[in-house]
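Asks: Let me begin by handing over the structure; questions about it come next.
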Amino acid sequence: MLSRLSNPTPIAASSQMILRTVTNQMKWKLSQQQHVMGATRNYATLKEVETRLKSIKNIEKITKTMKIVASTRLSKAEKAKVTAKMIDEADKQFFNNAETTDHLKTPEELGATPTETVNKELIIAISSDKGLCGAIHSSLARRVRNYLLDVKHECDIVAIGDKMKMQLLRSHPDNVKLAFNGIGKDAPTFQESALITEKIMNTLNVDNAYNKISIYFNDPITSLSFEPTIKPLFNSLMIAQSPAIGKFDIAQDENVPRDLFQYTFTNQILTAMAKGYAAEISARRNAMDNASKNAGDMISRYSILYNRTRQAVITNELVDIITGASTLD
């Protein structure tokens with residue numbers, strides 16, 4: 001018993017060997033973890049990974065909330081679209097019965113003295129002020145820009161919505177004559193479209209200065225897709241020259257075609273705004289759904305990275321403790 005206590009060298013040597021073996025194993029595991037994480041990106045600190053993970057979780061909360069809001073507004077947008085479509089169908093039936101076309105008869109065809117014809121078009125591009133709804137605004141602006149590059153005649157643009165105005169001002173600032181904002185906050189109403197129509201007709205001589213009027217808007221095909229659409233608008237001269245306008249009991253008043261044009265103008269603006277609003281709400285819901293899924297994938301990846309980084313930090317601390325203990329022995 002006295003001999004064992006007086007000679008403790010074998011026990012100390014064996015404990016040092018165990019410490020060295022454990023230290024070497026933990027260093028090897030740490031180097032393997034750092035090699036795996038460093039193969040694709042630089043090694044991030046635990047605080048940086050944790051901050052990034054929290055920000056992605058906050059983004060996911062925001063996108064999920066915006067998706068819920070868009071889903072609740074979609075039913076209201078669909079009702080506005082259906083109501084506007086009924087008005088549009090009534091206008092379409094009237095013009096079909098009157099056999100109205102977008103071809104203006106020349107003075108020679110009317111038997112009058114030849115005069116200089118107007119070859120100018122008014123383009124009304126309708127979007128909204130809000131974003132975060134995918135490529136719905138840029139696709140419509142691209143359709144307008146491509147048309148302006150193809151045509152040879154002069155074109156003026158009325159931009160309804162800040163998103164459309166900003167995109168067209170970058171490429172065709174001289175063509176934009178009038179712009180409206182405050183669009184898309186809620187479902188469009190007849191009063192709103194009537195105010196827009198009145199402003200356009202008072203500012204631009206729409207009835208006489210243009211021989212062609214086109215409305216550009218986004219038409220929702222399904223709940224997942226939309227299509228930029230062009231719709232012609234008949235002015236008062238086209239209505240007055242309709243071959244079958246005599247079918248209707250209209251008093252011989254020169255202001256009737258103009259009143260019909262203004263009323264139809266308001267209806268078509270309302271229809272385009274309602275369809276565009278429904279397409280925008282649907283596109284925003286889909287965009288926020290995709291953003292929430294992408295955020296969820298990033299959260300999963302960063303959670304794995306966070307756990308690996310935390311394990312690496314703990315392993316580092318254990319290695320430091322064991323190395324310090326071995327040096328003291």
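The values are calculated or read from the model by the stated rules, or taken from the named source; none is laboratory data. The model shown is predicted, which means the values in this text are computed figures rather than measured ones. Glycine also receives a Cβ, built like all others from the backbone with ideal geometry; neighbour counts cover every protein chain displayed. Accessible surface is based on the protein model in full, side chains and every heavy atom, while ligands, DNA and RNA are left aside. Shrake-Rupley method; radii C 1.70, N 1.55, O 1.52, S 1.80 Å.
Asks: In a shell of Cβ-Cβ distance under 12 Å around H153, excluding H153 itself, what net charge do Lys and Arg (+1) and Asp and Glu (-1) give? The partial results should precede the final answer.
Replies: Details: positive: K120, K152, K212; negative: E121, D150, E154, D156.
Net charge around H153: -1.
Asks: I've got another one for you. Hey, what's the Cα Rg ratio for segment 182-222 versus the globular rule of thumb, 2.2 N^0.38 Å? Kindly include the intermediate steps, with their values, before the conclusion.
Replies: Details: Rg = 13.1 Å, N = 41, 2.2 N^0.38 = 9.0 Å.
Here the answer is 1.45, to two decimals.
Asks: Also, quick follow-up: Contact order normalised by length for segment 86-286, with contacts defined as Cα pairs under 8 Å and 6 or more residues apart; what percent is it?
Replies: Values: 323 pairs, mean separation 61.5, N = 201.
Relative contact order of segment 86-286: 31 percent.
Asks: With θ set to phi - 60° and the Karplus curve 6.51 cos²θ - 1.76 cosθ + 1.60, what are the ³J(HN,Hα) couplings of segment 219-230 in order, to the nearest whole Hz, using x for Gly and Pro?
Replies: Values, residue by residue: 9, x, 7, 9, 6, 10, 9, 8, 9, x, 10, 10 Hz.
Asks: Among V82, V144, V151, what's the order by accessible area (1.4 angstrom probe), most exposed first? It would help to have the intermediate numbers written out before the result.
Replies: Working: V82 80, V144 0, V151 30 Å².
Largest to smallest exposure gives the sequence V82, V151, V144.
Asks: In segment 250-325, what GluC sites (Glu not before Pro) fall in a loop by DSSP, with at most 11 other Cβ atoms inside 10 Å?
Replies: Answer in residue order: E254.
Asks: Once the Cα gyration tensor of segment 189-316 is found, what semi-axes does its equivalent ellipsoid get, as square roots of 5 times the eigenvalues, in whole Å, sorted largest first? Intermediate results must be reported in sequence, preceding the final value.
Replies: Details: eigenvalues 635, 38, 24 Å².
Listed largest to smallest, the semi-axes of segment 189-316 are 56, 14, 11 Å.
Asks: Which of the trypsin sites (Lys or Arg not before Pro) across segment 155-189 are loop residues per DSSP, with 14 or fewer other Cβ within 10 Å? The partial results should precede the final answer.
Replies: Values: sites: K163, K165, R170, K177, K185; in loops: K185.
When the trypsin sites (Lys or Arg not before Pro) of segment 155-189 are filtered for loop state and at most 14 Cβ neighbours within 10 Å, K185 remain.
Asks: Further, regarding this structure: When only DSSP loop residues count, what chymotrypsin sites (Phe, Trp or Tyr not before Pro) in segment 206-259 have their Cβ near at most 12 other Cβ atoms within 10 Å?
Replies: Numbers: sites: Y210, Y216, F217, F226, F234, F248; in loops: Y210, F234, F248.
Sparse-neighbourhood loop chymotrypsin sites (Phe, Trp or Tyr not before Pro): F248.
Asks: Still on this structure: What does the C-alpha gyration tensor say about the overall shape of segment 86-286? Classify as rounded when a/c is under 1.5, otherwise prolate if a/b is larger than b/c, or oblate. It would help to have the intermediate numbers written out before the result.
Replies: Details: a/c = 2.09, a/b = 1.52, b/c = 1.37.
Since a/c reaches 1.5 and a/b is larger than b/c, the shape of segment 86-286 is classed as prolate.
Asks: Rolling a 1.4 Å sphere over the protein heavy atoms, what is the accessible area per residue of segment 86-286, to the nearest Å²?
Replies: Values: 10040 Å² over 201 residues.
On a per-residue basis, segment 86-286 sits at 50 Å².
Asks: Could you pull out every residue, at least 5 positions away or on a different chain, whose amide H is within less than 5 Å of the one on L178? Hs are placed 1.01 Å off N in the peptide plane, and Pro or chain starts have none.
Replies: Long-range HN contacts for L178: I157, A159.
Asks: Express the carbon and sulfur contribution to the solvent-accessible surface of segment 86-286 as a percent, rounded to the nearest whole number, probe 1.4 angstrom. Provide the component values of the computation, followed by the final result.
Replies: On the way: 5050 of 10040 Å².
In segment 86-286, the share of accessible area belonging to carbon and sulfur is 50 percent.
Asks: Right, here's the next one. With θ set to phi - 60° and the Karplus curve 6.51 cos²θ - 1.76 cosθ + 1.60, what are the ³J(HN,Hα) couplings of segment 290-300 in order, to the nearest whole Hz, using x for Gly and Pro?
Replies: 5, 5, 5, 5, 5, 5, x, 5, 5, 5, 4
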